[in-house]
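Read-outs: derived from the displayed coordinates by stated rules, not from any lab. Keep in mind it's a predicted model, so treat the numbers as computed, not measured. Cβ placement follows ideal geometry from the backbone for every residue including glycine, while neighbour counts extend to all protein chains displayed.
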Amino acid sequence: MVGSAKVLRIAERVTDLISDNLYLRVRFRQQFGWWPNVRNPRSFNEHLLRYKLSSKSDQRLPLLADKIAAKAAVAQQIGEHHVIPTIWSGPRLPPRGERNWPKPYVLKATHRSGANIFVHDGQVENWDAIEATCAEWLSAPFGVKGREWHYAKIAPRLLVEPCIGPPGTPPHDIKIFCFHGKAHVINIIQDRFGETKAYSFDTNWNLLPFDFIKKRGPEVPPPPANVQDLIRIAEALAHGFEYVSVDLYNVDDHIYFGEMTFTTANGTGQFHPPSGDFMLGQLWKQSAAGFSSSGNAPQFAYSVAEERYAAPGG
């Protein structure tokens, strides 16, 4: 019998000839060791796989996954003061003489996940290395291999923003998992550039009995004073979506929007113990009662998409 890892390697070579359904099921089997049930998902990652396949007609997803286009939509929904300002953006880096961006700043690719270069106060940029990295970001298609269709539809661009938070220290990532418009899980990720630790809470700040991707540390962080505001903002942005992780930053009790993630860890995030995967899958299923995407879809996304968003292959 041919192993799933070998089947996946074959599938990656002939990816254009294989349906998303088959490719993602083989990929899931290789990652978790069992075949997913797409028709009746039970785990969180199974739900994400099904959602990835069923959401292709929802053009709000590429709009809101685009780090530039999302800003106007988010500002319209929750207020511009929650949006990190843009210092510069464009389809390619400007000439070196025009890169006089105030430090500290972060340079990002707008069409992909995890593409960030942080430049700190007093740091001298290695432009040769930065230019090579940006060229790779812009030339390599993102979202195709993992069948994250919404990323593949975003026009590749670059973005420069000011760093927020204490000098040299990125603020904690706050990722709020919302099922059918309601917040259910709050993930706190600390020390992204060091020994990363992560904690998962319910909305009453009870620590959940699992680790997701990263392990927790010995000291459990207390709830932020404005935790209800974090939940309120996340639910305002999640309104009308079956699932989204609303990623926020909390700096001196001021909440900044980070991004909206519709396929968390591309549906391959590991839970420890694995029962956490099924715990979140049950939350997803239970939250579906009374939800109607056609009745709840936020109109702001469509109006902004029509006026501001243009992506290839749309």
Inset, instruction - Using Cα positions and a limit of under 15 Å, work out the aspartates and glutamates in reach of LYS103, with same-chain residues fewer than 8 apart set aside. - result: ASP121, GLU125, GLU161
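Please list, by residue number, every one of the trypsin sites (Lys or Arg not before Pro) in region 51-122 that is coil in DSSP and has at most 11 other beta-carbon atoms within 10 Å.
When the trypsin sites (Lys or Arg not before Pro) of region 51-122 are filtered for loop state and at most 11 Cβ neighbours within 10 Å, ARG92 remain.
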Legend entry - Dipole-positive endmost among PRO166, GLY181, VAL144 within the chain (Cβ charges, Cα centre): VAL144
Legend entry - Percent of Cα-Cα distances greater than 13 Å, calculated over region 162-214: 62 percent
Legend entry - Between region 212-239 and region 67-126, the Cα center-to-center distance that results, in Å: 24 Å
Legend entry - Student exercise, region 170-296 dipole from Lys, Arg, Asp, Glu Cβ charges, in Debye to nearest 20: 300 debye
Inset, instruction - Would you calculate, for the chain, the mean residue ellipticity at 222 nm contributed by helices, counting each DSSP H stretch of 4 or more residues as -39,500 (n - 2.57) and dividing by all residues, to the nearest 500? - result: -9500 deg cm²/dmol
Legend entry - Descending Cα extents along the principal axes, region 170-296, whole Å: 43, 34, 25
Legend entry - Cα Rg, Dmax, region 85-162, angstrom units: 13.0, 40
Inset, instruction - Highest first, please rank the peptides 147-160, 128-141, 27-40 by the mean number of other Cβ atoms sitting within 10 Å of their residues. - result: 147-160, 27-40, 128-141
Legend entry - Candidate aspartates and glutamates for bridging to LYS145, where Cα separation is under 19 Å - those fewer than 8 sequence places away on the same chain excluded: GLU12, ASP16, ASP20, GLU46, ASP66, GLU136
Inset, instruction - Add +1 for every Lys or Arg and -1 for every Asp or Glu among the other residues with Cβ under 13 Å from the Cβ of ILE231, and state the total. - result: 0
